[in-house]
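Scroll down for the structure; my scribbles are underneath it.
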Amino acid sequence: MRIFSGIQPTGAKTIGNYAGGFRQYAETQERGDAFFCIVDLHSITVEYDPEELRSSTLDLYAMLIATGLDPDRSTIFVQSHVSAHAEAAWLLSAVTSYGQLGRMTQFKEKGERHEFVSAGLFTYPVLMAGDILLYQTDLVPIGDDQRQHLELARDAAERFNSRFGETFGLPEGQYPEIGARVMDLQDPKSKMSTSAPIAAQGVVRMLDEPDAIRKKFKSAVTDSGRDVRHDRDGKPGVSNLIEIMSVATGETFAKIESRYDGQGYGRFKEDVGEAVIELLQPIQQRYRELRADERELHRLLELGADKARAESAPTLAAMYDRMGFARL
Ligand code: AQP
């Protein structure tokens with residue numbers, strides 16, 4: 001089975017990214033031939049700092065390994081190192097409808113947040129479709145926020161197949177049962193967002209210090225009443241915290257609920273913070289060790305790029321061929 005997922009290098013990654021991204025990557029790499037891509041071309045669709053992009057690409061590579069990816073087993077690479085991605089995006093734009101791109105929730109939401117809305121923000125899902133389809137992917141481990149983009153990739157593949165001949169299989173999404181959409185601790189009706197201001201108290205970052213994590217959970221917004229009970233609609237704040245605890249410890253909701261039965265929210269919130277600290281501490285330590293050796297990171301990235309170039313080349317060649325381009 002072929003597995004592919006992409007993650008953007010910009011922004012300090014959050015426990016939402018852990019729940020919907022990193023955690024699933026480590027689990028799915030055991031199930032087949034896996035490709036994990038640092039999607040730096042996606043990062044330029046909103047305002048960014050070029051100097052930061054360079055170092056955050058290495059930061060993210062180190063974090064992918066620290067959270068459990070094995071570079072000997074999986075292909076881990078940077079999108080801009082494999083020019084097939086930019087080429088596939090242009091070819092697939094011929095089979096992606098303008099109307100469907102305009103309906104993408106992420107485009108609408110991010111478009112509202114930015115003064116300058118780039119054309120890249122609008123066409124981003126076509127690039128993502130190419131990322132996935134170039135590797136003949138069967139399974140895409142992602143968070144809930146990427147559901148609509150994956151649907152668009154499938155539609156583009158189907159349209160390409162029917163217009164130019166069978167070229168792509170149809171990838172399926174894999175969403176975690178728990179933690180597919182981790183919410184902001186201060187606003188549990190909104191997704192915990194990487195691009196929130198760095199000081200935002202509702203966003204827990206993978207590299208936050210223990211004291212910062214404690215503070216964020218202590219001040220998390222809860223709901224009326226005092227029952228620790230999972231009910232996404234009626235108790236969004238507490239439900240989000242139960243899910244985070246379940247992601248951090250692997251415990252079921254029922255077990256967590258019964259432990260805090262009749263105890264109110266105070267101790268529960270503190271314990272969720274401690275569980276997250278316990279989860280993140282070994283990851284942070286491993287991350288620091290890996291990040292210190294830039295030469296080794298570059299070596300591994302070169303290996304990943306070579307493998308990704310070789311694996312994507314036949315699909316790109318088939319696309320050009322079926323679309324009628326004269327080839328040399
Ligand atoms: N809150 C979340 N809960 C669960 N999964 C999440 N993901 C992101 N946020 C949550 C998943 O993490 C993977 C990588 O994310 P990304 O690189 O595509 O995006 P990002 O850097 O988190 O930033 P976005 O999505 O561009 O925008 P903002 O900043 O608004 O969050 C993906 O699989 C994603 O589903």
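The values are calculated or read from the model by the stated rules, or taken from the named source; none is laboratory data. Values in this document were obtained by computation on a predicted structure and should not be read as measured data. For neighbour counting, all protein chains shown are included, and Cβ atoms are generated from backbone atoms with ideal geometry for every residue, glycine included. Accessible surface areas use protein heavy atoms only, side chains included; no ligands, DNA or RNA. Shrake-Rupley method; radii C 1.70, N 1.55, O 1.52, S 1.80 Å.
Go through GLY99, LEU127, ALA153 and say which Cα lies farthest out towards the positive end of the charge dipole of the stretch 94-158; charges sit on Cβ, +1 for Lys and Arg, -1 for Asp and Glu.
Value computed over the given set: GLY99.
Output the pairs from LYS191/LYS255; LYS189/LYS218; LYS235/LYS269; LYS191/LYS215; LYS110/LYS218 with a Cα-Cα distance over 21 Å in this structure; if there are none, say none.
On the way: LYS191/LYS255 25 Å; LYS189/LYS218 18 Å; LYS235/LYS269 14 Å; LYS191/LYS215 19 Å; LYS110/LYS218 29 Å.
The answer is LYS191/LYS255; LYS110/LYS218.
On the accessible surface of the stretch 1-155, probed at 1.4 Å, how many percent belong to carbon and sulfur atoms? Show your work: numbers first, answer last.
Numbers: 3040 of 6030 Å².
Here it works out to 50 percent.
Under 8 Å for C-alpha pairs, at least 6 residues apart: give me the relative contact order for the stretch 1-136, rounded to a whole percent. Intermediate results must be reported in sequence, preceding the final value.
Numbers: 154 pairs, mean separation 40.9, N = 136.
Once normalised by length, the contact order is 30 percent.
For the stretch 181-292, what is the accessible area per residue in Å², given a 1.4 Å probe and the full set of protein chains?
Values: 5510 Å² over 112 residues.
Spelled out: the 1.4 Å probe surface of the stretch 181-292, per residue, equals 49 Å².
Among DSSP bridges having both ends in the chain, what percentage is antiparallel? Round to the nearest 5.
Numbers: 2 of 16 bridges.
Roughly 10 percent of the DSSP beta bridges within the chain come out antiparallel.
Which value, in debye to the nearest 20, gives the size of the charge dipole of the stretch 181-292 about its Cα centre, when Lys and Arg are +1 and Asp and Glu are -1 at the Cβ?
Working: 19 positive and 18 negative charges, 47 e Å.
The calculation lands at about 220 debye.
Going by average Cβ density within 10 Å per residue, which order do the peptides 148-157, 263-272 take, highest to lowest?
Numbers: 148-157: 20.2, 263-272: 17.1.
Ranking the peptides 148-157, 263-272 by packing returns 148-157, 263-272.
Hey, with R₀ at 41 Å, roughly what FRET efficiency would ALA212 and LEU328 work out to, going by the Cβ-Cβ distance, to 0.05?
On the way: r = 56 Å, r/R0 = 1.37.
After rounding to 0.05, the efficiency reads 0.15.
Determine the share of the stretch 185-307's accessible area contributed by carbon and sulfur atoms, expressed in whole percent, with a 1.4 angstrom probe.
Details: 3220 of 6450 Å².
Of the solvent-accessible surface of the stretch 185-307, carbon and sulfur hold 50 percent.
Using Cα pairs under 8 angstrom and six or more residues apart, how large is the relative contact order of the stretch 1-41, in percent?
Rounded, it is 70 percent for the stretch 1-41.
Would you calculate a helix-derived [θ] at 222 nm for the chain, using -39,500 (n - 2.57) for each DSSP H run of n ≥ 4 and dividing by the full residue count, to the nearest 500? List each step's numbers first, then the result.
Details: 13 runs with 168 residues, N = 328.
Only helices count here, giving -16000 deg cm²/dmol.
In nm, what is the difference between 0.36 nm times the number of residues separating LEU101 and ALA119 and their Cα-Cα distance? List each step's numbers first, then the result.
Working: separation 18, 0.36 × 18 = 6.48 nm, distance 1.12 nm.
Working it through step by step, the gained length comes to 5.4 nm.
Between ASP49 and GLN285, with labels modelled 7 Å along Cα→Cβ, what's the label distance in nm to one decimal, could you check?
So the two model labels end up 3.0 nm from each other.
Calculate the dipole size of the chain relative to its Cα centre from +1 charges on Lys and Arg beta carbons and -1 charges on Asp and Glu beta carbons; express the result in debye to the nearest 20.
380 debye
Where nothing but the Cβ of Lys and Arg (+1) and of Asp and Glu (-1) is charged, how large is the charge dipole of the stretch 58-123 around its Cα centre, in debye to the nearest 20? Intermediate results must be reported in sequence, preceding the final value.
Details: 5 positive and 7 negative charges, 54 e Å.
Its charge dipole is roughly 260 debye.
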